[in-house]
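Chemist: Sharing a structure here in C-alpha cells format.
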Amino acid sequence: KRGKLNAAGVVRAEQETGDENIAGQPFLYILETKVEDIDRQEVANRATVRVHPGDFYIGAKLETGVSGYWSRFVGEGEKQTAQLILIDPDGVPVDYNTEIKVELIKRSWVTSQQQGVYGRVNTKYTRVDSTVDTQLVYYTGGTKELDFTPDEAGSYILRVSTNDKEGRAIITDLSFYATGASWIRWANTGDSDINLVVDKTLYQVGETARILVQSPLPDGDYLMTVEREGIFNERIVSFAGSTGVIELPITESHVPVIYLALSSHQERTSSAESYFDPDLGKPKGYFGLATINVSTQTRELEIEIEQNEQIYRPGQQAEVELKVTKNGVPVGNTEMIFLAVDRGVLDLINYHIPNPLTYFYDPDNFKYAVAGDDSRRLLLDPVTYDVSELQGGDGEKLKRREDFVPLAVFEPFLKTNENGIARVSFELPDTLTTYRATAIALNNNNIGYSESEFIVQNPINVRTALPRRLRYRDTTVGGVILQNLDSKDHKVSVSLNAEGISIGDSKTKKVNVPAESSYELTYVLMAEEIGEAEMVFTISSKVLNEELVQKIKVEQPLVKESFSTIGGTDSFIEEAVILPSAVQQGYGGISVQLDSTRIPLVKKPINRLIGYHIGASTFLLPYGYHALPELVFPDTINQLVPEYTDITESSGSGYFKRAANYQWSDGGIRISPNSISSSPRASLQTVQMMQVAESNSLASIIPETLDRKELYIYLQKLAENENYALYFRSWAINLLINAGHEEKELIEALKSEEDKLGLSGYAYLTLAMLESGDEAGADLLWQRMKNFLVISARSIDLEESYEAAGYFDSEVEQLALILRVAIKKNEPDDFIRRLTESLGRRIQAERWLSYSDCEAAVIAFGDVYAKEAGIHTNFNSSISIAGEKLLTSDFIGISEGPVTEAYKFSQPPLNKFEQDKPYTLRFEKEGDGKLFYTSTIEYALPSEIVMPRDEGLSVFTKIETLDGEEVTPENLKLGETYRCRTFITSNRDKTFLTLSVPVPSGAEIIDSSFATSSSYADEGGVNTEEWTRETVHGDRQTFLAEGILNFSHSGWWAHFYRPEMLVYDNEMIYQWEYFYKGERRVSFLFKTTTPGVYPTPPAQAKLLTEPEVFGRSGGNLFVIQ
C-alpha cells in the first residue's frame, strides 16, 4: 500500500484482519513502513499491532489468601474459589450476559524406558490432559465466583471459554498446582531432576516467594540451600509426598536474583541380574535449582532532565538542569554522566546508551556458577564508531554551517549539589536534527538513568542532496533541499560556489517555497578533478541567511593487476623487471619479501593441538595431540611456542606409558581403557609417534612395556584386511615399510586400486616405496599424483580424484603428505615452497581444521625444518635493482616472520628509473642458511579502458528489478530499487578471496544491518548468497548456507559461515576465508537516489595472499534518469 505523509508527518494505514485460525487467542500483525523523502532517501521501521480474539477477554484468578498477590499453589482436596471478570482490550470491565464454560483439566505425564546404545537408558515422557470437572456459569457483569476442588495433587489447568456477540471464541487458560502427600509423575528433563516452580516471575523486597517442589521421590528429606556467590543459609526440609511448597522471605540482599537449591538421594532399590544388564535400581542423587528474580526498584534513582528550550537554533548555547531524587527526596553528591547524540546516527542501529542498572543488576552477572571479573569497567558499552567519521541528520549573522559532528555534548564528571541538581551548558553543532540526551547517575549501589530529546532547526531547514562521494568524470544532478517549517510561503535565493567541482548551469537560483512543504533545488555538477571538493551554498531569505558548506571526495577508480615471482637461493639470484608506463599514474610499485625459513607457519597447528582440553578424559588420541609437537621439534619447540612446556610437560613419555597400558591382547592400541577392542586410529597414531620419536633420538622415552612387535603384527593384519578403508591400509603400509618390513605384495595390491586411493593414499604408498628403495615405482605414483596438482602464481591447488572425492575432504592433510613426498624426492625449492605456502594458507583459512589435519601438518613441517639450517641460520641478505640497494636484513636462528617492504613507482628510488626498460632485480645472501624471496609488481589501469579478464577467477554482474527483470546500466530509473547480482566462478578452492562490486555514485546500497533499512522480505531479502559445487563425482549441488548446528539447554542454535560484507558509499565488498570451487552467486539491493551519468569500474575479485590471481567484469556507464 502507498500513502503520503501530511504536514505533521503522519499517514494512516488500514488492514482488514482475516481468519487466522487461532481460536480464542490474540495474535500480532507486523507492519513495516518505508518512507521516502523528496530526494529519494529512504528509511524504514517496523511495528506490531495486536489483534484481539473478540470484544473482550475473560480475566481469571484464584483466591489463595496470599497477601499482595495471588498464588498458583493450592492444597489437594481443598475447595478453591476462582474469580472471573470480563474486560475489554483496554482492561475496562464490560457488562455482557453470557454463559461461560469452565473446565478443570488435570495434566499428567506417563513415562516409558528403553535400553539404548552403550547401555544407556532412554526415558520418554508423554503428556496426558484429562478433564476432571465441567461447569456452566452465567455471567451478568461484575465479578463472578465459582468453586471447584482438585482432588489429587498435580498440575491443573482451569479453562474458561465463551463467545462474543459475533460468535468469536474467547478462551482463557489458568494453570496452577495442587500440592499434597501423594506421589506425582512430573515430566522432568531427567529422572534425577527435582522441578522447582516459583509462583511469580519477579518479587519485590519484603514479599515472600513460594516455590513448588515437584520431586520424582514419593517422600523424603531434602537439603535446601539459598545461594548466589556463596551459601546464604541452609536447612533440612521434609515432604510427605512428591510435592510441597517452600516459602522464602525476600530481603534486600537478594537483589537482583537468588537461587534456591534442593538435593536428596535414593538408596539402592534392586540389583542388575548380570553385568551386561542396565542397573536401573542403583542409588540415585536428585537435584533441583530455582531462580528467584528480585526487583531492583530499591536500587533505582530518578532523574529529571530540564532544558531551557525544547527547540534550538544551530550553534545556540543550550542550558540543561539535571535533578536526582529517590522516592521524591533529592540525592546530593551523586556522580553523573550527561551526553546528547544526534538521533540521525543513533537510529541507524536503533542504539540507546545502555542503562548501567540493567548491567550491574543483570541476573546473568549473578550466575549460579560465578565467573570472575570486575564489572565496573563495563559501566557503559564501548562506542564502536569514531564520531569524526559520521555526519548527523543534516548538516544562520550570515552564519556558516559546517560543524556536523553527531556528539553535541559529553560531560563525564558531573556531581549534584545538596539539592540533587547538576547543570550543563554547551554550544550546539550546526546539524538540523533531533538530539537524544541521556543522563546516568551513580550513588553508592543506587543507579539512575533517563532520556529526553530536543530539536535543532531553523524556520527554513536547508540540507544538501548530493552523492556521498563521486568518481572522476561523474556528471550528477545535486543541490539542496529547502524545507519550509513556517505557516506562510518564503522566497529563497541560493548561490553555489564550488572548488574541485564544475557547475554546469547558473550558480544563483531563486525559488518560492510554499508553507509547510519541501523543495528540491538542483545543479548540474561535473567531477573533473581528483581530490576533495568543497561546495558552499549561500541561502538568503527574510527568515534565514546562512552558508552551508559540504565537502565531497572525488576519487580515481582503480583497476588493479599484479604479478609475482617466488624463489630461493644459497648465494644469489637475479630476476628481470620492467617498470610499466601505460598504467594509472600515482599508483603501483614493487613489493618484496625475504625470509630464512617457512617454519613459523606451523604455529597454528601446534597451538590447536596443545589447546585441546583433555580434562578428565581417558581417550588416548588427545594425549597424542599434546605430545606430537615436542617429538617433531625436540630442540626448538619452546622457541616456536614459548608456553609449550607449561602446558604439556612430560607429555611425550606420558603418552607412550598410557599407550602401553591401553595395548590390547591382539597387539593393537585401544582408544580408551574401557574399550574391548583395538582402535585402528589409535594404533596408527601410536606407531607414527614411535617412529617420529626414534627419528629424533628420543627412543628412550618409549617404555619396554609397549610391545612393539605385537603392535606391528596388528598393523600387518590391518593392512591386509580389505574391510578397512584404503586410507588406513596405505598408512599402515607406510609405517610398516619405515620399520623395515618387506611389503611388496601389499603395495602392489593397493596400487591396483588406482584413483580410489585418493591423494592421501597415493602419498602414503609413494613414501613407502621411496623408503623401500623402489624409485621407479615411486616415480610412477608421483607422476600420477601430479596430475591432480595445479600450479598457480604462488601456490598449488589440489583436485582430488573422482573416485575418492567427498564433501568433507581435507586439503590440509593431503597437502601435508604431498609436501613430505616432494621433500623426500628432492623436488626443486620453488615447488616445495609453493607447497609449503599453500599448506600454510589452507591452515589459516580452513574452518573445518581437524586435529588429524594438525598432526599431518606438524609432521610435514618437521620435514621442512630438517632441510633448513634452523637454529644454525646466520646470514645477511640484500635486494638491489640495477645495482642500487633496496633492502638489507640479517637472519639469525629461527625467523619470527618475513621481512616485507614496498616501493612506489612515483617515489625514490624507482621514480628515477626509465619506464618500459628491463632492469635486474638481484637477491643475494652471505652466510649459513637459505634465503627465500617473493617479489610482486602491482599497478592500476584506467577503468574506462579495461576489458573483462579471467586470471583464475571469472566475474560477471547483472542488474535486475525487484521482479527479477534484467535491465541495462544505461536505463536505470530514478527512485527505484534494484538488485545487483554477481556471479563468481573458480575452478579451484581458494582462500582469502575478496570481491568488490561498485555501484554508480548516484545510487546508495541498502545496508541490512541498519535498523532503518527495510527487510524487503517479499522480494527475497536484501542480501542473498548461494553456491553450486561438485561434492562427489557427477554430483553437483546448490547450497544456501554452511555452518554448525547444535543443541543446548536453550534449544537448537546455528552458526553460519557467511562472507564478511562491508558496505561502502559506492561499493559492496565481500570477503571469504574459504571459497569453494564452482559458481557462487551473491546479490544486494541498491536504490537510485541522484540522477546523472556515472562511469563505473568493473566488479573485481582477487586473492588477498595472491593478488595476481584475479578476475573482473567489464566497466559500465550507468545513466540514472
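Chemist: Taking 0.36 nm per intervening residue step and subtracting the Cα-Cα distance, what contour gain separates ASP830 from TYR1064 on full extension?
Modeler: Value of the extension gain: 80.3 nm.
Chemist: So how do LYS1102, LYS604, LYS4 line up by other beta-carbon neighbours within 10 Å, fewest first?
Modeler: Ordered by Cβ neighbours within 10 Å, fewest first: LYS4, LYS604, LYS1102.
Chemist: Can you list which of the chymotrypsin sites (Phe, Trp or Tyr not before Pro) found in the stretch 833-889 are DSSP loop residues with at most 15 other C-beta atoms within 10 Å?
Modeler: TRP848
Chemist: Now a separate question. Give, rounded to the nearest 20 debye, the magnitude of the charge dipole that the stretch 946-1120 has about its Cα centre when Lys and Arg contribute +1 at Cβ and Asp and Glu contribute -1 at Cβ.
Modeler: Roughly 260 debye, rounded to the nearest 20.
Chemist: Report the charge-dipole magnitude of the chain in Debye, nearest 20, computed about the Cα centre from +1 at each Lys and Arg Cβ and -1 at each Asp and Glu Cβ.
Modeler: Its charge dipole is roughly 540 debye.
Chemist: Based on the alpha-carbon gyration tensor of the stretch 599-867 and its eigenvalue square roots a ≥ b ≥ c, which shape applies: rounded if a/c is under 1.5, prolate if not and a/b is larger than b/c, or oblate?
Modeler: Oblate is the answer for the stretch 599-867, as a/c is 1.5 or above yet b/c matches or exceeds a/b.
Chemist: How big is the dipole moment of the stretch 599-867 about its Cα centre under a simple scheme where the beta carbon of each Lys and Arg is +1, that of each Asp and Glu is -1, and everything else is neutral? Debye, nearest 20, please.
Modeler: In debye, rounded to 20, the stretch 599-867 gives about 600.
Chemist: Let me ask something additional. Just for the chain, what percent of DSSP beta bridges are antiparallel, to the closest 5?
Modeler: 95
Chemist: Turning to a different aspect of this structure: So for the chain, taking the charge dipole from beta-carbon charges (+1 Lys/Arg, -1 Asp/Glu), which of ILE881, PRO314, TYR519 sits furthest toward the positive end?
Modeler: Most positive-ward Cα: TYR519.
Chemist: From the square roots a ≥ b ≥ c of the eigenvalues of the alpha-carbon gyration tensor of the stretch 666-752, which class results: rounded (a/c under 1.5), prolate (a/b over b/c), or oblate?
Modeler: oblate
Chemist: Something else about it: In nm, what is the difference between 0.36 nm times the number of residues separating LYS912 and ASP486 and their Cα-Cα distance?
Modeler: 146.9 nm
Chemist: List the GluC sites (Glu not before Pro) within the stretch 678-781 that fall in a DSSP loop (any state other than H, G, I, E or B) and whose Cβ has at most 11 other Cβ atoms within 10 Å.
Modeler: Counting only loop positions with at most 11 other Cβ atoms within 10 Å, the GluC sites (Glu not before Pro) in the stretch 678-781 are GLU704, GLU722, GLU742.
Chemist: A further question follows. Checking the cross-link filter: which lysines have an alpha carbon closer than 17 Å to that of LYS657, excluding same-chain neighbours under 8 positions apart?
Modeler: LYS709
Chemist: Here is a further query. Modelled label-to-label distance, THR358 and PHE1056, 7 Å Cα→beta-carbon offset: nm?
Modeler: 2.6
Chemist: With point charges of +1 on the Cβ of Lys and Arg and -1 on the Cβ of Asp and Glu, referenced to the Cα centre of the chain, which listed residue (VAL456, THR934, ASN443) lies farthest in the positive direction of the dipole?
Modeler: The residue sitting farthest along the positive end of the dipole is VAL456.
Chemist: So, one more: What does the net charge come to around ALA82 if you take all other residues with beta carbon closer than 10 Å to its beta carbon, with K and R at +1 and D and E at -1?
Modeler: -1
Chemist: Something else now. Just want the answer: with Cβ charges of +1 for Lys and Arg and -1 for Asp and Glu, which residue in PRO680, VAL543, ALA576 is farthest toward the dipole's positive end in the chain?
Modeler: VAL543
Chemist: Determine which residues of the stretch 935-975 fall in the zone a paramagnetic label at GLN41 would reach in this model, i.e. backbone nitrogen under 19 Å from the point 7 Å along Cα→Cβ.
Modeler: The answer is 974-975, whose backbone nitrogens lie closer than 19 Å to the label point.
Chemist: OK, next. Residue by residue through the stretch 281-288, what is 3J(HN,Hα) from phi via Karplus (6.51 cos²θ - 1.76 cosθ + 1.60, θ = phi - 60°)? Round to whole Hz and write x for glycine and proline.
Modeler: Computed from phi, the couplings for the stretch 281-288 are x, 5, x, 10, x, 10, 8, x Hz.
Chemist: Short version: ³J(HN,Hα) in whole Hz for each residue of the stretch 772-780, in order, from phi by Karplus 6.51 cos²θ - 1.76 cosθ + 1.60 (θ = phi - 60°), x for Gly and Pro, what are they?
Modeler: 7, x, 8, 5, 5, x, 5, 4, 4
Chemist: Could you tell me which trypsin sites (Lys or Arg not before Pro) in the stretch 455-562 are loop residues by DSSP with no more than 11 other beta carbons within 10 angstrom of their beta carbon?
Modeler: LYS488, LYS542
Chemist: Kindly provide the helix-only [θ] at 222 nm of the chain, computed as the sum of -39,500 (n - 2.57) over DSSP H runs of four or more divided by all residues, to the nearest 500 deg cm²/dmol?
Modeler: Value at 222 nm, helices only: -4500 deg cm²/dmol.
Chemist: In nm, what is the difference between 0.36 nm times the number of residues separating THR1024 and GLU896 and their Cα-Cα distance?
Modeler: This chain segment gains 42.0 nm when fully extended.
Chemist: Just checking my list (1) 1.19; (2) 1.15; (3) 1.06 against Cα Rg over 2.2 N^0.38 Å computed from this structure; which label fits?
Modeler: Correct label is (1).
Chemist: Hey, what's the per residue convex hull volume over the C-alpha atoms of the stretch 436-520, in cubic angstrom?
Modeler: In the stretch 436-520, the Cα convex hull volume per residue is 161 Å³.
Chemist: I'd like to know how the stretch 1052-1121 sits against the 2.2 N^0.38 Å rule of thumb: what's its Cα Rg over that expected value?
Modeler: 1.40
Chemist: Next question, about the same structure. Under the rule a/c < 1.5 gives rounded, and otherwise a/b versus b/c splits prolate from oblate, where does the stretch 541-637 land using the Cα gyration tensor?
Modeler: The shape class here is oblate.
Each value in this text was obtained by applying a stated rule to the coordinates, not by laboratory testing. Fair warning: this is a prediction, and the values are worked out from it, not measured in the lab. Because the Cβ atoms are built from the backbone with ideal geometry, glycine has one as well, and the counts that use them run over all protein chains shown.
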